[in-house]
Amino acid sequence: MSDTDTIPRELETQLQQALAERDGAELARLLDPLPLSDALRELLNLPVEQRSAVLSLLPPELAAELVEEAPNAMAVDLVERMESEQAAEVIEELASDVQADVIGELEDADAEAILTRMDPEDAADVRRLVEYEDNVAGGLMVAEAFTFSETDTVGKVLRRFANEEYDLERYRGQHPYVLDSNGAPIGVVSLRSLVSTRRSARLTDIMVPPITVPANMPLEKLEDLFDEHPFLGLPVVEADGHLVGVVSRSAVDEALLERA
């Protein structure tokens with residue numbers, strides 16, 4: 001037997017032992033150093049009934065990374081086998097578009113049991129996202145948006161960038177959007193403008209009008225729009241102009257690829 005055969009088997013044995021002892025810290029120690037694809041493969045090498053048990057014992061952040069790495073149908077299967085309290089903790093850590101994909105595929109009772117245990121604001125976002133059709137802007141967007149008010153300054157944006165506790169990964173390369181008092185986007189600020197403008201300047205002094213898309217814009221029109229403009233993402237609005245999320249170029253590309 002080669003070393004490459006032995007190592008995976010040793011890891012599987014260690015995972016089984018840690019699971020038998022319900023040692024979440026040891027499970028995390030074994031899986032966290034691995035590339036996500038390898039960690040997911042190790043998880044899926046376990047018997048079906050043990051996979052969700054491992055996820056329940058892992059820190060929610062790591063469990064969420066594994067769920068996001070899995071294909072959607074597999075992610076749904078992993079989550080629906082978990083107790084609703086642990087599932088809610090994991091779902092809370094997912095990007096909102098993934099939350100909606102998973103929750104939308106669960107049985108109504110299972111979905112509701114998870115949503116009632118989530119932060120009410122996050123749960124409201126998921127409920128709204130689930131209502132959209134899959135291949136429209138609302139169904140492809142993330143609810144998280146990098147937003148500021150009309151009175152905010154360049155310095156406030158830069159401080160948020162510098163705040164190590166602020167999770168900028170949630171915004172997937174978005175530019176800052178400026179919202180009016182009704183929550184409608186009235187401007188977008190380029191990163192170049194931010195670094196070349198005095199910190200005391202208001203965002204309204206350097207913003208440009210945003211291109212927004214309605215939540216019901218179909219995939220084909222989104223494709224055309226991204227072909228016309230070099231943006232990484234576009235703000236999504238409801239009929240009243242209220243910002244509800246951001247649809248990314250990558251989400252549109254993935255949807256086109258899946259359809260093809």
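Take residue 65 and tell me if it is acidic (Asp, Glu) and open to solvent by 20 Å² or more (accessible area, probe 1.4 Å). Show your work before the answer.
Numbers: acidic (Asp, Glu): yes; open to solvent by 20 Å² or more (accessible area, probe 1.4 Å): yes.
When the stated conditions are applied, residue 65 passes them.
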**Asked** Which condition number does residue 92 fail, the rest of (1) surrounded by fewer than 19 Cβ atoms within 10 Å (Cβ to Cβ); (2) over 23 Å from residue 18 (Cβ atoms); (3) in contact with a Gly (Cβ under 8 Å, 6 or more places away or on another chain) being met?
**Response** (3)
**Prompt:** Any idea which of (1) within 23 Å of residue 140 (Cα to Cα); (2) modelled with pLDDT under 95; (3) of a type in the set (Gly, Ala, Ser); (4) open to solvent by less than 50 Å² (accessible area, probe 1.4 Å) is the one residue 52 doesn't satisfy?
**Reply:** (1)
**Request:** Have a look at 109, 87, 39, 75 and point out the one that is more than 19 Å from the chain's Cα centre (by Cα) and either within 22 Å of residue 143 (Cα to Cα) or open to solvent by less than 40 Å² (accessible area, probe 1.4 Å) (or both).
**Result:** 39
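Do you know which residues across segment 118-129 are surrounded by fewer than 17 Cβ atoms within 10 Å (Cβ to Cβ) and in contact (Cβ under 8 Å) with a residue 24 or more places away in the chain?
Of segment 118-129, the ones surrounded by fewer than 17 Cβ atoms within 10 Å (Cβ to Cβ) are 119-121, 124, 127.
The answer is 119, and nothing else.
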**Message:** Condition (residue is among the basic types (Lys, Arg) and modelled with pLDDT of 95 or more) applied to segment 27-40: is it met by at least one residue?
**Reply:** yes
**Request:** Starting from segment 66-80, take each residue that is on the phi < 0 side of the Ramachandran plot and list its partners that are open to solvent by 80 Å² or more (accessible area, probe 1.4 Å) and of a type in the set (Asp, Glu), counting only C-beta distances under 6 angstrom and pairs at least six apart or across chains.
**Result:** 76/105
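Go through segment 30-135 and tell me which helices (runs of 4 or more DSSP H), entirely inside it, have 1 or more residues that are more than 21 Å from residue 12 (Cβ to Cβ).
Ranges flagged: 60-69, 72-80, 84-92, 96-105, 108-115, 120-130.
Examine segment 215-233 for a residue that is within 15 Å of residue 144 (Cα to Cα), in contact (Cβ under 8 Å) with a residue 24 or more places away in the chain, open to solvent by less than 60 Å² (accessible area, probe 1.4 Å) and assigned to a strand (DSSP E or B), and state whether such a residue exists.
If we filter segment 215-233 for residues that are within 15 Å of residue 144 (Cα to Cα), which is where we start, we get 215, 232-233.
Add one more test, that the residue is in contact (Cβ under 8 Å) with a residue 24 or more places away in the chain, and what stays is 215, 232-233.
Still in the list and also open to solvent by less than 60 Å² (accessible area, probe 1.4 Å): 215, 233.
Checking the rest, the ones that are also assigned to a strand (DSSP E or B) come to 233.
Yes, segment 215-233 contains a residue that is within 15 Å of residue 144 (Cα to Cα), in contact (Cβ under 8 Å) with a residue 24 or more places away in the chain, open to solvent by less than 60 Å² (accessible area, probe 1.4 Å) and assigned to a strand (DSSP E or B).
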**Request:** List the number of the failed condition for residue 155; all other conditions in (1) part of a helix (DSSP H, G or I); (2) among the small types (Gly, Ala, Ser); (3) open to solvent by 70 Å² or more (accessible area, probe 1.4 Å) hold.
**Result:** (3)
**Counted residues, segment 177-194 - those being part of a loop (DSSP other than H, G, I, E, B) and either without any contact (Cβ under 8 Å) to a residue 12 or more places away in the chain or surrounded by 13 or more Cβ atoms within 10 Å (Cβ to Cβ) (or both)** = 5
**Request:** Could you look through segment 198-214, keep only residues that are open to solvent by less than 70 Å² (accessible area, probe 1.4 Å) and not in a helix (DSSP H, G or I), and pick out the one that is nearest to residue 155 (Cα to Cα)?
**Result:** 201
**Prompt:** Which residue pairs have Cβ atoms under 8 Å apart, sit 6 or more places apart or on different chains, and have a first residue in segment 130-147 that is more than 20 Å from residue 187 (Cβ to Cβ) and among the acidic types (Asp, Glu) and a second that is in a loop (DSSP other than H, G, I, E, B) and open to solvent by 10 Å² or more (accessible area, probe 1.4 Å)?
**Reply:** 133/216
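The values are calculated or read from the model by the stated rules, or taken from the named source; none is laboratory data. Predicted, not measured: the structure shown is a model, and the values here were computed from it. We place every Cβ from the backbone using ideal geometry, glycine too, and count neighbours over all the protein chains shown. The area values use the complete protein model at the heavy-atom level, side chains included, leaving out ligands, DNA and RNA. Shrake-Rupley method; radii C 1.70, N 1.55, O 1.52, S 1.80 Å.
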